[in-house]
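Peer 1: Take a look at the following structure, please.
The values are calculated or read from the model by the stated rules, or taken from the named source; none is laboratory data. Predicted, not measured: the structure shown is a model, and the values here were computed from it. As a convention, Cβ positions derive from the backbone with ideal geometry for all residues, glycine included, and neighbour counts pool all protein chains shown. Ligands, DNA and RNA are excluded from the accessible area calculation, which covers all protein heavy atoms including side chains. Shrake-Rupley method; radii C 1.70, N 1.55, O 1.52, S 1.80 Å.
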Amino acid sequence: MTEELDLSGQDSDAGSEEVVLTPAELIDRLEQAWMNEKFAPELLENKSEIVECVMEQLQHMEENLRRAKKGDLKVSIHQMETERIRFVLSSYLRCRLMKIEKFFPHVLEKEKTRREGEPSSLSPEEFAFAREYMVNTETYLKNVALKHMPPNLQKVDLLRAVPKPDLDSYVFLRVKERQENILVEPETDEQRTVGNTPPHGAVAEVRGDIVLFSRDYVIDLEEGSQHLIRYKTIAPLVASGAVQLI
């Protein structure tokens, strides 16, 4: 497969840009989005353009397989690759749906307060799913429990009742582009390292089997290095593609 694919998107200046990708680059983009979504504690920006292009590519690959000669070893290899890509795509979409179900009030609230030009976390289909899930949840709570409560207790604030994504959780990452002057919150006396537990706001660099914790206020992330760091600190770098969650 040597043909190129068009991937259209929106840049930060609200202008459109067209990126031409080979099938291999497209699948690499999908795998990066899958890994980031799998390990990020929050729902990330939707990659609907990548999903649509991958689905078109899968259809094209399957059409080629149907026309190929039976018993050809290449057919089996391409069939396994098709199944692998389909697994990654399904896992990516399933992971997003699980996060929507888990954090649906906060996901919808974020979408409601999203500024003009800011990328959406939800595709149109995911937004419809989240709205329907919220309506069904409210209806279920009302019919099963709330209508039997005193009038002053028949309302529930789902934003308060459903936990938020834990942006203070720690994630492993690999640096794809060198980053300078990344601000890390200092630890306090109550947040000393205990055993192998990283202090609040600290960064851990992985060197073989050794994890080195850093308490610097500002750090540099070298290209190719791996770190354990609080997600909130590097969330913008995940969104920009400068780092890859692993």
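Peer 1: Just to be sure before I move on: is residue 100 open to solvent by less than 30 Å² (accessible area, probe 1.4 Å), under 19 Å from residue 239 (Cα atoms) and part of a helix (DSSP H, G or I) in the structure I sent?
Peer 2: Yes: the conditions hold for residue 100.
Peer 1: Here's another thing I want to ask about it. Here are some residues: 76, 91, 123. Which one is in contact (Cβ under 8 Å) with a residue 60 or more places away in the chain and under 21 Å from residue 27 (Cβ atoms)?
Peer 2: Of the residues listed, the single one that is in contact (Cβ under 8 Å) with a residue 60 or more places away in the chain and under 21 Å from residue 27 (Cβ atoms) is 123.
Peer 1: Can I ask one more? Quick check on region 1-15: of everything there that is in a strand (DSSP E or B) and either open to solvent by less than 60 Å² (accessible area, probe 1.4 Å) or assigned by the TED database to the domain that holds residue 56 (or both), which residue is modelled with the lowest pLDDT?
Peer 2: Looking at residues that are in a strand (DSSP E or B) and either open to solvent by less than 60 Å² (accessible area, probe 1.4 Å) or assigned by the TED database to the domain that holds residue 56 (or both), I get 9.
Peer 1: For the structure I just gave you, tell me whether residue 94 is more than 13 Å from residue 54 (Cα to Cα), open to solvent by 90 Å² or more (accessible area, probe 1.4 Å) and assigned by the TED database to the domain that holds residue 32.
Peer 2: yes
Peer 1: Got a number for residues in region 44-60 being over 13 Å from residue 124 (Cα atoms) and assigned to a loop (DSSP other than H, G, I, E, B)?
Peer 2: 1
Peer 1: Please go through region 24-53 and pick out each residue that is farther than 14 Å from residue 89 by Cα and buried (at least 17 other Cβ atoms within 10 Å of the Cβ).
Peer 2: 39, 40, 41, 42, 43, 44
Peer 1: Out of all the residues in region 59-85, which are among the charged types (D, E, K, R) and open to solvent by less than 100 Å² (accessible area, probe 1.4 Å)?
Peer 2: The answer is 62, 63, 72, 81, 84.
Peer 1: Looking at 40, 24, 33, 128, can you tell me which residue is within 22 Å of the chain's Cα centre (by Cα), under 30 Å from residue 162 (Cβ atoms), without any contact (Cβ under 8 Å) to a residue 40 or more places away in the chain and not assigned by the TED database to the domain that holds residue 241?
Peer 2: Criteria check complete, one pass: 128.
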